[in-house]
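K.L.:
Following this message is one structure expressed as structure tokens.
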Amino acid sequence: FSNTKRERKLKSPDVLALPRVQCPNHPDACLVEDYRAGDMICPECGLVVGDRVIDVGSEWRTFSNEKALKDPSRVGDAQNPLLNGGDLTTMISKGTGAASFDEFGNSKYQNRRTMSSSDRAMLNAFKEISTMADRINLPRNIVDRTNNLFKQVYEQKSLKGRANDAIASACLYIACRQEGVPRTFKEICAVSRISKKEIGRCFKLILKALETSVDLITTGDFMSRFCSNLGLPKQVQMAATFIARKAVELDLVPGRSPISVAAAAIYMASQASAEKKTQKEIGDIAGVADVTIRQSYRLIYPRAAELFPPDFKFDTPVDKLPQL
């Protein structure tokens with residue numbers, strides 16, 4: 001009954017029966033397409049059912065990191081939701097033939113400034129943010145958050161008179177802290193053309209303008225990165241993290257920056273282990289002066305015996321640590 005019903009349905013003029021490519025021996029098998037050869041192959045018996053299949057996919061391949069944004073198989077630039085009108089603009093190319101010029105030699109088709117000055121300023125800032133993020137290996141989600149912060153600040157016009165590069169640097173600093181991967185002012189300053197003082201000013205103004213806040217930075221935020229850059233083993237990193245946390249709990253370093261406390265804790269842990277590092281080596285990585293490390297170290301040294309984790313293996317005993 002079902003076969004008769006199917007035949008009747010196919011014979012009906014209302015239904016368009018399209019020819020189906022299938023294996024004569026295994027009609028229910030899902031055919032496999034060999035894109036390189038352009039063949040349709042039966043997976044059961046290996047019979048080439050169809051050949052010279054047209055590939056309707058993209059002709060080009062892209063190897064850039066911005067694969068999601070830039071596809072060379074599509075005409076025009078990718079839509080940018082951060083710009084007014086989504087950046088869907090058309091540019092007329094300059095003509096080369098005689099018909100492209102009038103009798104005075106002027107071009108007939110002149111591109112008016114299709115992009116507004118505000119969009120152009122934002123686009124330049126987004127490029128600068130992307131460049132800075134690349135220099136310190138920050139992921140795409142931080143770049144996106146920074147772009148959104150910059151757009152909000154720029155549209156509010158609350159920081160008028162400040163350089164866009166300074167605002168962009170401050171937005172990058174805020175985005176890093178909001179995403180839980182804080183960078184120091186000196187690290188942001190090193191990849192931008194703006195002074196540390198100016199970035200700090202813009203940072204405070206942006207927080208006030210957007211009525212937002214950032215979590216307080218702690219010694220643990222920087223410890224793993226600093227120790228990794230110094231090439232210290234996991235045991236020393238864990239000891240330095242423990243020392244810094246304990247020093248803060250015992251209120252040994254009141255008013256001290258978490259970065260200087262972290263640097264002093266790394267110095268103490270490394271001096272007690274076989275992997276000893278000098279103050280200058282730690283200072284270069286942490287971005288703090290040797291004097292700052294010494295001042296913080298002197299505050300925590302008197303109670304050094306209480307600061308080390310109980311399972312730490314000492315290469316140099318506590319009483320033999322440098323007193324500075």
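For every residue, the table says whether it meets (1) of a type outside the set (D, E, K, R); (2) within 30 Å of VAL191 (Cβ to Cβ); (3) in the same structural domain as THR184 (by the TED database).
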| position | (1), (2), (3) |
| --- | --- |
| LEU230 | yes, yes, no |
| GLN237 | yes, yes, no |
| ALA247 | yes, no, no |
| LEU250 | yes, no, no |
| ALA263 | yes, yes, no |
| GLN279 | yes, yes, no |
| ARG303 | no, no, no |
| ASP315 | no, no, no |
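K.L.:
Now for a different question. For LYS320, state whether it is out of contact with any Leu (no Cβ under 8 Å at 6 or more places or on another chain), exposed (fewer than 13 other Cβ atoms within 10 Å of the Cβ) and of a type in the set (Lys, Arg). Steps first, please.
P.N.:
Details: out of contact with any Leu (no Cβ under 8 Å at 6 or more places or on another chain): yes; exposed (fewer than 13 other Cβ atoms within 10 Å of the Cβ): yes; of a type in the set (Lys, Arg): yes.
For LYS320, the condition - out of contact with any Leu (no Cβ under 8 Å at 6 or more places or on another chain), exposed (fewer than 13 other Cβ atoms within 10 Å of the Cβ) and of a type in the set (Lys, Arg) - is met.
K.L.:
Among the residues of segment 158-181, which ones are free of Cβ contacts under 8 Å to residues at least 40 places away in the same chain, within 19 Å of ASP221 (Cα to Cα) and among the hydrophobic types (A, V, I, L, M, F, W, C)?
P.N.:
ALA170, ALA175, CYS176, listed by residue number.
K.L.:
Hey, LEU159 hits all of (1) part of a loop (DSSP other than H, G, I, E, B); (2) over 11 Å from ILE206 (Cα atoms); (3) of a type outside the set (Gly, Ala, Ser) but one; which does it fall short on?
P.N.:
(2)
K.L.:
Could you say whether any residue in segment 290-299 is touching a residue at least 40 places away in the same chain (Cβ under 8 Å), farther than 19 Å from PHE222 by Cα and not acidic (Asp, Glu)?
P.N.:
If we filter segment 290-299 for residues that are touching a residue at least 40 places away in the same chain (Cβ under 8 Å), which is where we start, we get 296, 299.
Next, only the ones that are farther than 19 Å from PHE222 by Cα stay: 299.
Then keep just the ones that are not acidic (Asp, Glu); that gives 299.
Yes, segment 290-299 contains at least one residue that is touching a residue at least 40 places away in the same chain (Cβ under 8 Å), farther than 19 Å from PHE222 by Cα and not acidic (Asp, Glu).
K.L.:
Out of the residues in segment 203-253 that are within 21 Å of ASP284 (Cα to Cα) and of a type in the set (Ser, Thr, Tyr), state the one that is surrounded by the fewest Cβ atoms within 10 Å (Cβ to Cβ).
P.N.:
SER228
K.L.:
Next up: Any idea which residue in segment 289-317 is nearest to LEU250 (Cα to Cα), counting only those that are open to solvent by 30 Å² or more (accessible area, probe 1.4 Å) and outside any helix (DSSP H, G or I)?
P.N.:
Applying the filter and picking the extreme gives PRO310.
K.L.:
Any idea which residue in segment 182-199 is surrounded by the fewest Cβ atoms within 10 Å (Cβ to Cβ), counting only those that are in contact (Cβ under 8 Å) with a residue 40 or more places away in the chain and over 15 Å from ALA133 (Cβ atoms)?
P.N.:
Here the residue is LYS186.
K.L.:
If we only count helices (runs of 4 or more DSSP H) wholly inside segment 216-277, which ones have 2 or more residues that are touching a residue at least 24 places away in the same chain (Cβ under 8 Å) and polar (S, T, N, Q)? Before you say what the answer is, go through the steps one by one.
P.N.:
On the way: elements: 220-230, 234-249, 258-272.
Output list reads 234-249, 258-272.
The values are calculated or read from the model by the stated rules, or taken from the named source; none is laboratory data. Since the structure is predicted, the reported quantities are computational estimates derived from the model, not experimental observations. Cβ: placed from backbone, ideal geometry, glycine included. Neighbour counts: every protein chain shown. Each accessible area value is taken on the protein alone, full model and side chains, heavy atoms only, with ligands, DNA and RNA left out. Shrake-Rupley method; radii C 1.70, N 1.55, O 1.52, S 1.80 Å.
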